[in-house]
Amino acid sequence: MGLVRERNAQAFNELYHRYHRRVFYYFYRMLGGVDEKAQDFLQDIFMKLVEKPEYFDTSKRFSTWLFSIAHNMCKNEYRKLAVRKVIDNEASVDVAQQNETDSATRTDLNLFTDQLFRELDQLSEEQKTAFLLRYREGFSIKEISQVLDCSEGTVKSRVFYTNKKLALKLEAFNPINNY
Amino acid sequence: MERSDRDLTLLEQLLQTKPFGKLSSGERELVLRFFDSEAEYESIRHHTSHVEGVLSADTLSVEPDPAIELRLQQTLSMQPQPEPKVATQSSFGSLLVFLFSSKHLAFKTSLLTIAFISTFWVSMPTGQRGSIPPIDSTSYHADTFNNTWYDSSSVSIDFLQR
């Protein structure tokens, strides 16, 4: 990151190649699976890195810092989306109906994945972020607390209750319950 | 009942590692403070490991646009290069470090010469600055043939007369 601060193109490319897919995935899942928006956000976050590398917080690991910027961008977007909540709800109903019609040709795993992300989209931005960072990115509780700028206890509680809530919503897919 | 951070940490570990049947009595007590029953614990345990597997293997049908990388590289190439740190420091010591780090030997030599003359000048009594030191004519004379100096007291007359 020191080299990126000195506008070293090779160092920047290395960072981009290491993280762009992970960050893109995060944006895609956080922003309701909208491709264009995830692409825009991906460009914006790395543009910030190019234009203001001096903002990098050296007390954090690079991945933690990068995801905390990504989290703040999503938080801002959620605030904007809250204004258009009604429209979004209508859109999600359409998506749900579309998925139901496709279900005959999909495997159980695909159905579970679709349902999982549909349920995740119903959660708050904080719950969703904590969940994705924990189970997709494999971040520790401490790292998530740095990304979200809250206590470790809050993260543990958030991850636990999100998991519990999702398990209840998705219990139809759990073979333990299908006896 | 208070649910501390420690309890949640332990609970997460248990969910990842132990089925209900292998829990100690203390662990069961803790688990049953968070879950209604053994079945619920087992259900969440299965769900957690399943979700973790699904998320880590999940791939998107869309890829990041390659044009983004190109745009970023163009922007990066247009960014001003930061000033060298040495040049921005104003102290005399830093300036000397900068000058002596120069690769030009002639420049270094000139600088050393100036430094030497300056030191000699400063150490010289004020009255003598700007004039050639006087020559003691009684003890030295010039050899007009080869422009060297001789101590007349050490040269024999015989040698001079030959």
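The values are calculated or read from the model by the stated rules, or taken from the named source; none is laboratory data. What you are looking at is a predicted structure, and each value in this text was computed from that prediction instead of being measured. For neighbour counting, all protein chains shown are included, and Cβ atoms are generated from backbone atoms with ideal geometry for every residue, glycine included.
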Among helices (runs of 4 or more DSSP H) lying entirely in segment A:78-179, which contain 1 or more residues that are aliphatic (A, V, I, L, M) and at pLDDT 90 or above? A:108-121, A:125-135, A:141-148, A:152-169
Of all residues in segment B:34-68 being of a type in the set (Gly, Ala, Ser) and in a loop (DSSP other than H, G, I, E, B), the one that is nearest to the other protein chains (Cβ to nearest Cβ): B:Ser61
Of the conditions (1) over 23 Å from B:Leu76 (Cα atoms); (2) at pLDDT below 95, A:Tyr28 clears all except one; give me its number. (2)
Options B:Ala115, B:Ala87; residue that is farther than 30 Å from A:Phe27 by Cβ and modelled with pLDDT of 70 or more: B:Ala115
Quick check: is even one residue across segment A:160-178 of a type in the set (A, V, I, L, M) and either under 21 Å from A:Arg61 (Cα atoms) or under 11 Å from the mean Cα position of the chain (by Cα) (or both)? no
In segment A:127-152, what count of residues is obtained for those that are under 16 Å from A:Phe117 (Cβ atoms) and either free of Cβ contacts under 8 Å to residues at least 12 places away in the same chain or more than 10 Å from chain B (Cβ to nearest Cβ) (or both)? 6
Note on A:Glu54: of the conditions (1) more than 12 Å from chain B (Cβ to nearest Cβ); (2) modelled with pLDDT under 95, unmet is (1)
Select from segment A:24-36 the residues that are more than 7 Å from chain B (Cβ to nearest Cβ), in a helix (DSSP H, G or I) and either among the hydrophobic types (A, V, I, L, M, F, W, C) or without any contact (Cβ under 8 Å) to a residue 40 or more places away in the chain (or both) and list them in ascending order. A:Phe27, A:Met30, A:Glu36
Whether any residue in segment A:153-166 is within 22 Å of A:Ala70 (Cβ to Cβ), surrounded by 15 or more Cβ atoms within 10 Å (Cβ to Cβ), more than 10 Å from chain B (Cβ to nearest Cβ) and without any contact (Cβ under 8 Å) to a residue 12 or more places away in the chain is what I want to check. no
Residue that is surrounded by the most Cβ atoms within 10 Å (Cβ to Cβ) [pool: residues in segment B:4-26 that are outside any helix (DSSP H, G or I) and without any contact (Cβ under 8 Å) to a residue 24 or more places away in the chain]: B:Leu23
Residue under question is B:Val31, and the condition is that it be aliphatic (A, V, I, L, M) and in a helix (DSSP H, G or I); does it hold? yes
